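Below is one structure, written out as structure tokens; comments come after it.
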Amino acid sequence: MRIIFLGPPGSGKGTQAKLLSERLGVPAISTGEILRSAVRAGSPLGLQAKATMEAGELVSDDLMIALIRDRIASPDASRGFILDGFPRTVEQAAALEKLMAGNGPGLSAVLNLSVPEAVIVDRLHGRSRDEGRSDDRPETILERLRVYHQKTEPLADFYRGRRLLADINGMGDVSEISDRIDQALAVAVSSGRTA
Ligand code: AMP
């Protein structure tokens, strides 16, 4: 299965993508984690991305599309993958369609996690205290949300138009949310949209 998680920062995409990866046996690919480890390693990619990430802005489409092209071509992704944090712009979504065209089944589903904004802000402040992620700094949080609304939220309509979107209530226990995801995927499978 080829699955995308959509949703604002702090909506639980990373947690749910990892759990779903274990259930399905396909890799969860987090572009944010790839970039953070590149920053830690001081690689050319990390040096390019660091300041942008710390400002709460998006790394360029060209860079991200090249990164995901290579990643989904790796052998471990041949049976499917779960994307967490990509695509984040309509340009990235269109590029992903092109990359996947003629290369196995299309997308199975796009899972859109929704959590009220006030809860998101609380969670990101908590993560800033507990994990010290530099882009969860209080001054960056509002910018990340602004960028999400402006550039990423339109992807919900993009994928709704392709009949791939499943809205998932992202409030509640982790296991409750996982159950909702499994139900949405069962619907996607039974409607013949997937492989
Ligand atoms: P995340 O862990 O998904 O919240 O990503 C952390 C940061 O990495 C984002 O705020 C962006 O600066 C950058 N990033 C991750 N994925 C993308 C993407 N698909 N396009 C552009 N920037 C990204």
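Ignoring lysines fewer than eight residues from LYS13 along the same chain, the ones with Cα atoms less than 19 angstrom from its Cα are LYS151. Using just the C-alpha positions of segment 104-146 as equal point scatterers, what log10 of I(q)/I(0) does the Debye formula give at each q in 0.31 1/Å? One equal scatterer on each Cα of segment 104-146 leads to -1.10.
With both bridge residues required to lie in segment 2-190, what share of the DSSP beta bridges run antiparallel, to the nearest 5%? Approximately 0 percent, going by the DSSP bridge assignments. Computed over the chain, the convex hull of the alpha-carbon atoms projects to a mean area of 10.4 nm².
Taking amide H positions as modeled 1.01 Å from N, with prolines and chain starts lacking one, the residues under 5 Å from LEU6 and 5 or more places away or on another chain are LEU111, ASN112, LEU113.
Using helices alone, what [θ] at 222 nm do you get for the chain, with -39,500 (n - 2.57) per DSSP H run of 4 or more residues, divided over all residues and rounded to the nearest 500?
On the way: 9 runs with 107 residues, N = 195.
Calculated from helices alone, the mean residue ellipticity at 222 nm is -17000 deg cm²/dmol.
In this label model, ARG146 and ARG40 are separated by 3.0 nm, measuring between points 7 Å along each Cα→Cβ vector.
Taking θ as phi - 60° and the Karplus parameters 6.51, -1.76 and 1.60, the scalar couplings of segment 44-54 work out to x, 4, x, 5, 5, 8, 3, 5, 4, 5, 5 Hz in sequence order, x denoting glycine and proline.
Would you list THR52, THR15, THR152 from the most to the least accessible area, probe 1.4 Å?
Working: THR52 40, THR15 75, THR152 10 Å².
Reading off the accessible areas and sorting them downward yields THR15, THR52, THR152.
Out of segment 1-89, which trypsin sites (Lys or Arg not before Pro) are coil in DSSP terms and have no more than 15 other C-beta atoms within 10 Å? Mind showing how you got there, number by number?
Details: sites: ARG2, LYS13, LYS18, ARG23, ARG36, ARG40, LYS50, ARG69, ARG71, ARG79, ARG88; in loops: ARG79, ARG88.
Here the trypsin sites (Lys or Arg not before Pro) that fit, given the DSSP loop and packing criteria, are ARG79.
When only Cα pairs below 8 angstrom with a gap of at least 6 residues are kept, the chain shows a relative contact order of 32 percent.
Net length available on complete extension from THR52 to SER78 is 6.3 nm, with 0.36 nm assigned per residue and the Cα-Cα distance removed. Per residue, segment 2-190 exposes 49 Å² of accessible surface when a 1.4 Å probe is rolled over the protein heavy atoms with every protein chain present. Computed with a 1.4 Å probe over protein heavy atoms only, the accessible area of VAL115 comes to about 20 Å². With the cut-off at 1.5 for a/c, could you classify segment 27-131 from its C-alpha gyration tensor as rounded, prolate or oblate? Oblate is the answer for segment 27-131, as a/c is 1.5 or above yet b/c matches or exceeds a/b. Taking GluC sites (Glu not before Pro) across segment 110-195, none is in a DSSP loop with at most 11 further Cβ atoms lying within 10 angstrom of its Cβ. Solvent-accessible area of segment 2-190 (1.4 angstrom probe, protein heavy atoms only): carbon and sulfur portion equals 52 percent.
The values are calculated or read from the model by the stated rules, or taken from the named source; none is laboratory data. Just so we're clear, the structure is a prediction, and the values are computed from it rather than from any experiment. No Cβ is skipped: glycine too gets one built from the backbone with ideal geometry, and neighbour counts run over all protein chains shown. Heavy atoms of the whole protein, side chains included, go into the accessibility calculation; ligands, DNA and RNA do not. Shrake-Rupley method; radii C 1.70, N 1.55, O 1.52, S 1.80 Å.
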